[in-house]
Structures are given as structure tokens and as C-alpha cells.
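Input: a single structure, listed below in C-alpha cells.
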Amino acid sequence: MRETNREWIFAERPEGEPDMDSFELREGDLPEPRHGELLVRVRYLSVDPYMRGRMRDAESYAEPWSVGDPLQGGVVGEVVESKSEAYDAGDFVTGNGTWADYSVLDASEVAPVDPSVADLPAYLGVLGMPGRTAYFGLLEVGDPSPGETVVVSGAAGAVGSVVGQIAKFNGCRVVGFAGSDEKVSWLTDDLGFDAAINYKDVDDYRAALDDAAPDGVDVYFDNVGGPITDAVFTKLNLDARVAVCGQIAHYNDEDVPTGPRKLPQLIAPRAKVQGLLVGDYATRFEQASEQLGSWVASGDLEHRETVVDGLENAPDAFLGLFSGDNIGKQVVGVSEP
């Protein structure tokens, strides 16, 4: 066990795409848990696109980070000191902590982790917030039926890769957009997508969709926005549903560019567009976790994590999300120096 604790601090608000100026690594004393808290040695921490919004000094669904405060996010790790009767030293838990070697977590706000079901990083991906987002976003907002066509943007990411597989479980034709030939192959060869489009190699997204989704689009799960979404909106079928989960194409824009006006394209198909926040389903998280865990344990639900080793490399892992470095969930492995 270390005698000191390294922790990443939010150093300054970025303009446009973040860089290393927004991050500062500090070293200090180990934190001490109070009654009802756990001191957790962080084994893996999560970096997620939504964190870019927390870097803005603006009201949003996630509270903005304050300059000078520790960076926060999902972590999974081992309890080394417990001030709660609910957990003992040696237990593995997941919850919201800090980008650090050791983090103090409220025992009432963590969940136990079973390493026999899946490796620890999976609890930040398929068995964590991204998996639950995919589960509720597709089944509740997308509401797919057998035989329908589901299109997923950001399909090789932590959320999109799970969305596509659940759609296949529900008897749908599934088409994914991804950013490399390796990702396209993973989607079709390993995850069972019916078709996948490398958007970096395609000039005409509408034509690519004509080939990949010849019967149009019934459900669109949008993680990206931008020109891909513009193209998909022209292919929506009667009574189509659009689940807006993320817009990573615009997260670093200071001024969002005006693209094709989309609302008229919703009139003829009577399509429904709904934003998605997984927190709205918090009372049903256990339901999702049990089902996702069952699928993973049986081998039906494939998952993949891209692990960037070393707490010191956490900012690089976060910045890599915006260049598409990851396949599946991007996590940081926090190793002892």
C-alpha cells in the first residue's frame, strides 16, 4: 500500500478540444474514510465522452467540474479500509470516485463486484453505466421489434457495441457506423452485426445506408450526431424511433455548426426523437445489471475493453476518445508506480 496518493486535478477549462493544460497530477496524503465510507484502492477508472460536458461552466445534466477539484468518474477497486458494516477490506466494489490511486467512496453508493462473472474492467463497461445505457436506451426508447432495422452510430464504442448485440437478441437487422476497418470487422465477425460502415472511408453516407439498410431505418441509436445523423434521418421509416444518447461529433465545438434542417424529415414518417439519460432508470438498475450479467456469464454478450496502463496516462486515455482510439470501453489501469 502506498504512503501517498496521486490524484488528477482539473486545472483549467478548455476552449474547443481539450489538451494536457486541463490536467494536473498532484501527490498528497492518503485520504481517510469517515463513518459509512470506504477507502478503495482504484484498480481501473473510467473515461467517458460525457466528461467533456463537465469541463464547461454551464448548466447540464452532469454538474460541471470546478477548476482545482479532483477529476471524478466511475472506478472499480479493492476496499483497503472500511468504516461501514456493509463491506470488508478485500471486497471489490464499483462506484463514483476520483482519478487517483486511492479514492474514498460512500458505502451506500457503491455496488459489489464479482470477478468470477467478468474481469474488473467490464464493471465500468458492459456491466456498468454504458451497459445499462444501452439496455434501457434500446429497449425502452428504441422499443425494437423482430424484423426491424436498427442503426447504431459509434457502434464499436462501449454503448453502441452493446446496443447492437441486444438488438440482435431481439431479432433485428443491425447496422453499425464505426471508424476503422478493424472496428467494422469486430462488429460483423464477432458481435454479429449484419452490416457495418467505416464512415472514414465513405463519401456518401446515404448511399452506404441504401446498401446496408435497404428497407430503411426503424430504430436509430445515436451516439455521434453530425453528418451521419443527417444521413440516417433521410432513411427513417414510418413510426421510426430515434434514441439520442450522445453527440460526440459536437462535444468540442464552441459554436455548433448548422447542418441540414432535420425536423421536416420527421413529418412523413411520424418519427419520434427522444433524448436519453440513464439516470432516469436508476430504480431499475438492478434489473439491467442482472440481465446483462446473465448474458455475459453465458457468453452471449461479447465485450471488449481498451486498457490504457498507468494513472499518469489517464488524460491521454480521455483525449483518445475524441480520435476514436478505443474499441469497446476505454478504461485506465491504475498500477502502482
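Answer yes or no as to whether S84 is out of contact with any Lys or Arg (no Cβ under 6 Å at 6 or more places or on another chain), at pLDDT below 95 and of a type in the set (S, T, N, Q).
So S84 does not fit the description; no.
Test V104 against the stated conditions and say whether it is in contact (Cβ under 8 Å) with a residue 60 or more places away in the chain, open to solvent by 30 Å² or more (accessible area, probe 1.4 Å) and of a type in the set (A, V, I, L, M).
Yes: the conditions hold for V104.
If you check A62, A58, A89, which single one turns out to be touching a Ser or Thr at 6+ places or on another chain (Cβ under 9 Å), surrounded by fewer than 20 Cβ atoms within 10 Å (Cβ to Cβ) and of a type in the set (A, V, I, L, M)?
Selected residue: A89, the only one of A62, A58, A89 that is touching a Ser or Thr at 6+ places or on another chain (Cβ under 9 Å), surrounded by fewer than 20 Cβ atoms within 10 Å (Cβ to Cβ) and of a type in the set (A, V, I, L, M).
Restricting attention to segment 14-39, report how many residues are under 19 Å from G68 (Cβ atoms), surrounded by fewer than 15 Cβ atoms within 10 Å (Cβ to Cβ), charged (D, E, K, R) and in contact (Cβ under 8 Å) with a residue 12 or more places away in the chain.
Residues meeting the conditions: 5.
Cβ-Cβ distance below 9 Å, separation of 6 or more or different chains: which pairs start in segment 218-244 with a residue that is closer than 18 Å to G160 by Cβ and end on one that is open to solvent by less than 20 Å² (accessible area, probe 1.4 Å) and charged (D, E, K, R)?
Note: pairs meeting the criteria are I228/D222; T229/D222; V232/D222; V242/D222; A243/D222; V244/D222.
Taking segment 1-18 on its own, how many of its residues are of a type in the set (D, E, K, R), part of a loop (DSSP other than H, G, I, E, B) and more than 21 Å from E63 (Cα to Cα)?
Number satisfying all stated conditions: 2.
Among the numbered conditions (1) of a type outside the set (F, W, Y); (2) touching a Leu at 6+ places or on another chain (Cβ under 8 Å); (3) assigned to a strand (DSSP E or B); (4) surrounded by fewer than 19 Cβ atoms within 10 Å (Cβ to Cβ), tell me where S84 comes up short.
With respect to (1) of a type outside the set (F, W, Y); (2) touching a Leu at 6+ places or on another chain (Cβ under 8 Å); (3) assigned to a strand (DSSP E or B); (4) surrounded by fewer than 19 Cβ atoms within 10 Å (Cβ to Cβ), S84 is out only on (3).
Report those strands (runs of 3 or more DSSP E) wholly inside segment 261-337 carrying at least 1 residues which are of a type in the set (A, V, I, L, M, F, W, C), closer than 28 Å to E78 by Cβ and touching a Ser or Thr at 6+ places or on another chain (Cβ under 8 Å).
It comes to 329-333.
Restricting to segment 213-227, and then to whatever is under 25 Å from D325 (Cβ atoms) and surrounded by fewer than 23 Cβ atoms within 10 Å (Cβ to Cβ), can you tell me which residue is nearest to the chain's Cα centre (by Cα)?
G225
The values are calculated or read from the model by the stated rules, or taken from the named source; none is laboratory data. All values derive from a computational prediction rather than experimental measurement. Every residue, glycine as well, gets a Cβ built from its backbone with ideal geometry; the counts of neighbours run over all protein chains shown. Surface accessibility is based on the protein's heavy atoms, side chains included, excluding ligands, DNA and RNA. Shrake-Rupley method; radii C 1.70, N 1.55, O 1.52, S 1.80 Å.
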